[in-house]
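Below is one structure, written out as structure tokens, with a few remarks after it.
Where a number appears in this text, it was derived from the coordinates with a stated rule and is not lab data. Note that the coordinates shown come from a computational prediction; the quantities given were computed from them, not determined experimentally. All Cβ positions, even for glycine, are placed from backbone atoms using ideal geometry, and neighbour counts span all protein chains on display.
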Amino acid sequence: MTTTTPTFSSRAVSVLAAIWGFIRRIPPIYPVFFAIFITVGFLNPNYQTMNGIFVFLRRASPLAILAIGQMMVLASGGFDLSQGSLVTFVIVGSSMLLSNDPAKAYSTIGIMMAVGVLVGLINGTAVSFLKIPSLIVTLGMLLLVKGVAMYWSGGAPKGYFTDNFRVFGRGNFENVPIFGKFPIALFIMLVIAVVFYFIFHRTNYGKQVLAIGDNVRAAQLSGVRVRGIRVLTFVFSAFLTVIAAILYGGYGGISTNVGDGMEFQAVSAAVIGGTLLLGGKGSVPNVVFGAFTLEALFNLLNLIGLPKPYRDAVQGLIIIGAVAYAALTTRRKQ
Amino acid sequence: MATTTLPANGSKNFFRSLRIPPVYYFLVVVFVGGAILDFIFADGQMVTNPAILTNIFVRSVALGIVAVGQTFVMIGASIDLSVALVISVTAVMTSFIMNGQTENVPKAIAVVFLIGAFTGLVNGLIITKLKVNAFIATLGTTLILRGVLNATFANFKGSIPRSFEYFGYGRIGPIPVSILVLLVVVLAGWFVLARTRYGFQLYGTGGSSEVARLSGLRTDRVIIIAHIICSMTAVLTGLFVVSRLRAGAPWIGTDGVYDLESVATTVIGGTALAGGRGGVWGTLGGVLIFGVLDTLFNQLGINPFMKNILRGLIIILAVASYTIRSKREAA
Amino acid sequence: MAVQETQAETQPLLEVRNITKRFPGVVALNNVSLKFYPGEVHAVVGENGAGKSTLMKIIAGAYTPDAGEIILQGERVSFAHPVEAYAKGVSIIFQEFNLLPERSVAQNIFLGREPSRFGIIDRRQLHRDTEAVLKELGVENLISPSALVSSLSVANQQIVEIAKAISYDSKVLIMDEPTAALSSVEVKMLDDLVERLKARGMAIIFISHRLGEVFDIADKITVLKDGQLVGTVLTKNTTPQEVVFMMVGRELDHYYPPLGKPEDFGEVVLRVTDGSNDFLKNISFELRKGEVLGVAGLQGSGRTELAQALFGVVPFKGGTLEVHGKVQMIKNPTQAIALRMGFVTEDRKSEGLFPRQAICDNMLLAVRSLQPVFGYIFKDGLPKERKLVPGLGKRVDIRTDSYDREVQFLSGGNQQKVVLAKWLASKADIFIFDEPTRGIDVEAKAGIHDMIRELTKQGVAVLMISSELPEIIGMSDRILVMRDGRIAGELPAQSSEAEIMLVATGHGQAENNHSSVQAEAGKE
């Protein structure tokens, strides 16, 4: 407001204010992730090397991809709980289709992607047109898809993954400048994150998903084709699940319970990344870091000697806590 | 529903005055259709062999008991997806504490009912006091229970004593004890809903919490009690299941899909997802439909994995047949 | 104006003294004092926003007054909750139905007070108690205690509400627009019921806009205007016309922009011929470029339904609709938006805004839904969006430091401007406004009125629905008055409030039947 030239101190103050404003706008997920990751690094020296960090990121990549798909469904106000059993289906089904023949790797991947699109279409159609709450639809789909995987394999999948199938999940690009090795899974995840960053944050589609999750009625009155957008969102989620499953196949075993509970990991990662359950808010980069944070948290629980099943309990607390926090704070605001 | 007597307006409306939930007509259709399929593709024993006919009911006991509890919470416009895990916890804890000794039976039963009551209380408190959507809240408690259970028990642990098998296998005359237990639970559920102040309050709260509050009801308490009742029925189902399997394992509840099937049978029994109406007789009809289908699949020798596929399909279609008429967009 | 104070020899049953209630930005009630006597039906009338419902909610304990006191049978009372008021014998029947449709009549009447022993319902007693209440109302042959409420007609449901209210042994019964959904036969039945209650020595407070009924039922009529008491008259000493004149004639809260000049109005952009659906009958009108066509009418007269039909929310089933000279079938909002229509809804929060989304995203949503789902990134590109937003913001004069701010943190007036900007962005040239200034403070109101007029100068045609007559008169170049789902008449600009009210209530011009006019029940 003053017309005199600003003094040094006032300029410093404004610079500081600008920096503070920038810091304040950093989502809490980033400091949380680095705090947990650094703690893990102290407890386990493996994470102090570039190689160790890459191993960590490679393992977290499929979860990040799942979480991006889950986040979009959550942002539209729904849930996709069929993700985990779709992962199982893809892994079991791929091992059946491949029948140890490397030449079939790409056709197998193509078929699985088509199945993913189909599952997403059914989920979305049941929610949009049969008006069943997505929780019930996708839980039913969880049974159905897993049942198909079991039926097909007779409960005990035969065969193993060929190397050219496994390479996506476990392989590295060699001789990459600066890094040396670079995990293929991480590269795929980054490509997907960038593509879906644009799809979700820079297209009409993403804005309409958020609008539906925020206020369905207003979205209809603003001309949004609610049903179509919903179906598309479930298709994206299932499609990304197939890609994540192929990456999981790179390092995991082939079994009929490999995907169990993964849908909840994806929901937890999305919630940690600031996604609002029941819709209206979500961000691709934050959710990617949400997945990293969850993976780091699992490592931390492991290092302090907590049995693996407690991971479920931690996820339950995260989900309830996040929703309770959101419900109680919005009530105070009104 | 046979809850209130309506003055019959002439003999024309006789059937309407009986208030038979429509699900029973559907049950007849499913049964007749199933019997025909049975005669064509199998030995037709579903109708001719009383043992198999009885078996339909025995198979319905586990789902039926917990579905009564699910009906309570759903009439209150809530939902409980944690019942499957409560069943698992019950089964495991019972066989762990009993450890084959008859003298441990009372202790085991007391402990599991306490666990059930506590879970229901926590569910109810999270939903009413923390204002967390019931789906999400009970999904959250499911995860917590699963984590703690799987961390403590990895496989079958302990066993139940011979005496406790009476619940699962005993008979009074020609009638299995378990069927009597189911009937008692359904009757008790009907009595509470149709004849007590609590039942009236539950319908009021589920129908419109605004109207209920304006009439001076303490709606939070009504919902919490419904959740405690629901968890207790899950415990009873768990006791039945473990007495038949003779030992408990952590995957019993989830493999039985009790969460989704109890919701689906309640919905096809005429209790709306939105709450405020329905009753246990309708739910029993829904449960019997699932029992008939289950027995039919056995008769036809359908692969157990294929059964799971059909289950998923049936659940989605069953719920869809009721939601498709709704005008509101689902999410 | 003949305002008569009645002096009663008996003591009033209920008295309110110097009641004042302020809401942010408005004084809803200013120093209102009234007396209600036993055996008397006392109607309280007034325009939308006059303060009737607020007064009743204060009496029933739903609101607490800022000043003043309530005296019940000589004793000062204050109710924290309607349940307390019931216990003291003051019952209210709210505008919204307060019954459980899936439960029986008996279960509804005695909800929370069922006769019981050890928690088990005494069903015979419940049945008897219910029959007794129904008998008191003389409807025991009409309504069975075990009938489901959803199986009853609207009128009988209304009677059940009354039965529920008097079952609390009430001395004062407040009926807020009890006849809004009833046919004239049903209203007659209600009249008889009220007579019975009167004979029991109850004080009945009756809020309605259907002046015909008010004159049939009420012994006394009190008129409120802008939260002020205008006066109380004896029904037998007055006429509907006189009461209408007491109700209207509010002072303008601000100056309205000058009306359009007839030579500025362009071609017809919207023409409806004989449009009809479940709520509307024989709707025919034209809307010209550059004009503001006001739509007045009482609550339930079909105003909002007209807007929804035009915008494809609840489409017309019969008749023809021409937009920009071409016959169109508008079946959903997306089609309406593509035809360059915009709909600023009455309920901003639930129908117009995305509270957690940024201002810019709110503004651009309608235009986005017209573009290909993924097209935006390739076609328009990011820079253009950023360029569009500040321009829109300036056009509607939103005051904010950043367009990335979430809409939920804006004031009511600014939120309304965001909704406007949404339709400006989609290049709408036919605007439908449903209650454009409801719940907005005076200063922001003037801004929105200026903006609507500014739009018409840019060639936009405006259909403006409002329940506030000063707004209709201040803004409209022509006025349509609706009644019973039809267009009851068209009035020229600057018609008086009285002229509009007389057409809307069916007391105007040639129409003199006081039949079933839907009454104004807007929230005040």
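Contact order, relative form, for chain C: 18 percent (alpha carbon pairs under 8 Å, 6 or more residues apart, mean separation divided by residue count). Just going by the charge dipole of the stretch C:167-246, with Lys and Arg at +1 and Asp and Glu at -1 on Cβ, which of C:Leu234, C:Val194, C:Leu224 is farthest out on the positive end? The Cα lying farthest towards the positive end belongs to C:Leu234.
R0 = 60 Å: FRET efficiency of C:Gln73 with C:Gln408, Cβ-based, nearest 0.05? Here the calculated transfer efficiency is 0.80. Dividing the radius of gyration of the alpha carbons in chain C by their Kirkwood radius gives 1.01 for Rg/Rh.
Given a Förster radius of 56 Å and the C-beta distance between B:Thr152 and C:Val268 as r, what FRET efficiency does 1/(1 + (r/R0)^6) yield to the nearest 0.05? Don't jump to the answer; show the numbers that get you there.
Values: r = 77 Å, r/R0 = 1.38.
Efficiency computed from Cβ-Cβ geometry: 0.15.
Amide H to amide H, with H built 1.01 Å from N, C:Leu29 comes under 5 Å of C:Lys21, counting only residues 5 or more places away or on other chains. Residue by residue, the stretch C:465-475 carries 3J(HN,Hα) couplings of 9, 8, 9, 9, 4, x, 5, 4, 6, x, 10 Hz when phi is fed to the Karplus relation 6.51 cos²θ - 1.76 cosθ + 1.60 (θ = phi - 60°); x denotes Gly or Pro.
Counts of other chain beta carbons within 10 angstrom of each beta carbon in peptide A:304-310 average 4.
Which whole-number percentage describes the relative contact order of the stretch A:28-328, with Cα contacts under 8 Å and a sequence gap of 6 or more? Don't jump to the answer; show the numbers that get you there.
Working: 512 pairs, mean separation 106.4, N = 301.
Across the stretch A:28-328, relative contact order equals 35 percent.
Springs between alpha-carbon pairs under 10 angstrom, Gaussian network model over chain A: which of A:Ala64, A:Ala12, A:Ala105 fluctuates most? Looking only at A:Ala64, A:Ala12, A:Ala105, the biggest GNM fluctuation is shown by A:Ala12.
Other residues within the sphere of radius under 15 Å centred on the Cβ of C:Lys317, judged by their own Cβ, net out at -1 (K and R +1, D and E -1). Amide H contacts under 5 Å for C:Val295: C:Met464, C:Ile465, C:Ser466, C:Leu480, restricted to partners 5 or more places along the chain or on a different chain, H placed in the peptide plane at 1.01 Å from N.
List the relative contact order of the stretch B:52-261 as a percent without decimals, with contacts defined as Cα pairs under 8 Å and 6+ residues apart. Here the relative contact order equals 46 percent.
Using unit Cβ charges (K, R positive; D, E negative) and no other charged atoms, how large, in debye to the nearest 20, is the dipole of the stretch B:25-145 about its Cα centre?
Values: 4 positive and 4 negative charges, 90 e Å.
That gives a dipole near 440 debye.
Above 30 angstrom, tally the Cα pairs of chain A and express them as a % of all pairs, no decimals. Percentage above 30 Å: 39. Couplings for the stretch A:42-54, taken from phi via the Karplus curve 6.51 cos²θ - 1.76 cosθ + 1.60 with θ = phi - 60°, read 5, 6, 10, x, 3, 7, 8, 9, 4, 4, x, 5, 5 Hz in order; Gly and Pro are left as x. When the charge dipole of the stretch A:115-192 is built from unit charges on Cβ atoms (+1 for Lys and Arg, -1 for Asp and Glu) and taken about the Cα centre, the candidate among A:Gly171, A:Leu186, A:Ala156 whose Cα reaches farthest toward its positive end is A:Ala156.
Exactly which trypsin sites (Lys or Arg not before Pro) in the stretch C:419-486 are in a DSSP loop and have at most 16 other Cβ atoms within 10 Å?
Qualifying residues, ordered by number: C:Lys427.
Dipole magnitude for the stretch B:52-261: about 280 debye, using +1 per Lys or Arg Cβ and -1 per Asp or Glu Cβ, origin at the Cα centre. The smallest convex shape that holds all Cα atoms of chain B, its convex hull, gives 161 Å³ per residue. Model label sites at A:Ala18 and A:Leu303, defined 7 Å from Cα along the beta-carbon direction, differ in position by 3.8 nm.
Can you give the charge dipole size of the protein assembly as shown about its Cα centre, rounded to the nearest 20 debye, using +1 on the beta carbon of Lys and Arg and -1 on the beta carbon of Asp and Glu?
Working: 107 positive and 89 negative charges, 691 e Å.
In total the dipole reaches around 3320 debye.
Here the calculated FRET efficiency for C:Thr239 and C:Asp191, from their Cβ-Cβ distance with R0 = 25 Å, stands at 0.80, rounded to the nearest 0.05. Once the chain from A:Asn175 to A:Ile53 is taken as fully extended at 0.36 nm per residue, the excess over their C-alpha distance is 42.2 nm. Based on the alpha-carbon gyration tensor of the protein assembly as shown and its eigenvalue square roots a ≥ b ≥ c, which shape applies: rounded if a/c is under 1.5, prolate if not and a/b is larger than b/c, or oblate? Here the protein assembly as shown falls in the oblate category.
For chain C, the residue among C:Gln371, C:Ile93, C:Leu420 whose Cα projects farthest onto the positive side of the dipole built from Cβ charges is C:Gln371. 3J(HN,Hα) along the stretch A:227-239, derived from phi through the Karplus expression 6.51 cos²θ - 1.76 cosθ + 1.60 where θ = phi - 60°, amounts to 5, x, 4, 4, 4, 4, 5, 5, 5, 4, 4, 5, 4 Hz, with x in place of Gly and Pro. Taking amide H atoms as placed 1.01 Å from N in the peptide plane, the amide H of C:Ile174 lies under 5 Å from those of C:Ser91, C:Ile92, C:Ile93, C:Ile205, each 5 or more residues away in sequence or on another chain. For C:Lys261, a cut-off of 27 angstrom between C-alpha atoms picks up these lysines, skipping any fewer than 8 places away in its own chain: C:Lys289, C:Lys326, C:Lys394, C:Lys417, C:Lys427, C:Lys445, C:Lys457. The mean count of C-beta atoms from other chains within 10 Å of the C-beta of residues in B:213-224, rounded to a whole number, is 3. Highest mean first, the peptides A:28-41, C:275-288 sorted by other C-beta atoms within 10 Å per residue fall in the order C:275-288, A:28-41.
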